[in-house]
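The values are calculated or read from the model by the stated rules, or taken from the named source; none is laboratory data. This is a predicted model, so every value here is computed, not measured. Neighbour counts are summed over all protein chains in view; Cβ atoms, including those assigned to glycine, are modelled from backbone coordinates with ideal geometry. Keep in mind that these areas ignore ligands, DNA and RNA; they rest on the heavy atoms of the full protein, side chains included. Shrake-Rupley method; radii C 1.70, N 1.55, O 1.52, S 1.80 Å.
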Amino acid sequence: MSTRTLLTSLFQYKRWADEHLIAGLELLADGAPPQAMRLFHHAHVVDRIFAANLQGLAHGLRETDPDDVPPAKRLYESVRQTDGWYLDFVARMSPAQFEEPLEFRFTDGTPGRMTREEMLAHVVAHAGYHRGEVGQILTVLTGSSPRDTFTGFLHEAEPARRVRQIV
């Protein structure tokens, strides 16, 4: 499996899991709790920071957990746009670009250096961690949380994976 194939699958999974989380948050009669929205927004801010880093652009942010959480509808739309951006970005990358190290600055001003492949892996892992936190909040409120496993995504996206292959 190539780096592009794996990262494409992981970002398709991220988009799928984000959609499930958004659907779960939208089902809450009283709206999503502020702590859940703050966590989801934080994960999204980090997604945007690394999108800038991947392009060699300054992100202009000094923190990853800003107080100004946008209204739910605007946050959800921005998450969807960013998820699409990552899928398009991965599709355009050459094998050499995945391995290229980039220098950047963290929000606290300290320097960093990672390959694009490492940055992309960080975005997927970081987002999953925080979706899990939001899922725990939803479980406390509703008794369940949205589906959020890579295997669940793969089997939903490709049902034939559930068919046993006789060898």
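Assorted remarks:
- Shape class for segment 120-167, computed from the alpha carbon gyration tensor (a ≥ b ≥ c): oblate, with a/c not under 1.5 and a/b at or below b/c.
- Qualifying GluC sites (Glu not before Pro) in segment 9-84, DSSP loop, other Cβ atoms within 10 Å at most 11: Glu63
- P(r) histogram, all alpha-carbon pairs of the chain included - 10 Å bins from 0, percent: 9, 36, 33, 17, 4, 0
- Estimated dipole of the chain in Debye, rounded to 20 [Cβ of Lys and Arg +1, of Asp and Glu -1, Cα centre]: 440
- For segment 76-167, the average shadow cast by the Cα convex hull is 9.9 nm², which is a quarter of the hull's surface.
- Convex hull volume per residue for segment 92-136, taking Cα atoms only, in Å³: 87
- Our compactness index for segment 9-98, the C-alpha radius of gyration over the empirical 2.2 N^0.38 Å, is 1.17.
- Apportionment of accessible area to carbon and sulfur, segment 81-133, percent (1.4 Å): 53
- Loop-resident sites, segment 1-48, for trypsin sites (Lys or Arg not before Pro), counting at most 13 other Cβ within 10 Å (DSSP): none
- Relative contact order (%) - segment 30-158, alpha-carbon pairs under 8 angstrom, separation at least six: 28
- Ser2 accessible area, 1.4 Å probe, all protein chains in place, Å² to nearest 10: 60
- For Thr107, the solvent-accessible surface computed with a 1.4 Å probe is close to 40 Å², ligands and nucleic acids excluded.
- Short-range pairs are left out: with C-alpha atoms under 8 Å and at least six residues apart, the relative contact order of segment 1-106 is 42 percent.
- Per residue, in Å², the accessible surface of segment 50-120 once ligands and nucleic acids are set aside, probe 1.4 Å: 60
- Stokes-Einstein D (µm²/s) once Rh is taken as the Kirkwood radius of segment 1-60 over alpha-carbon pairs, at 25 °C in 0.890 mPa s: 181
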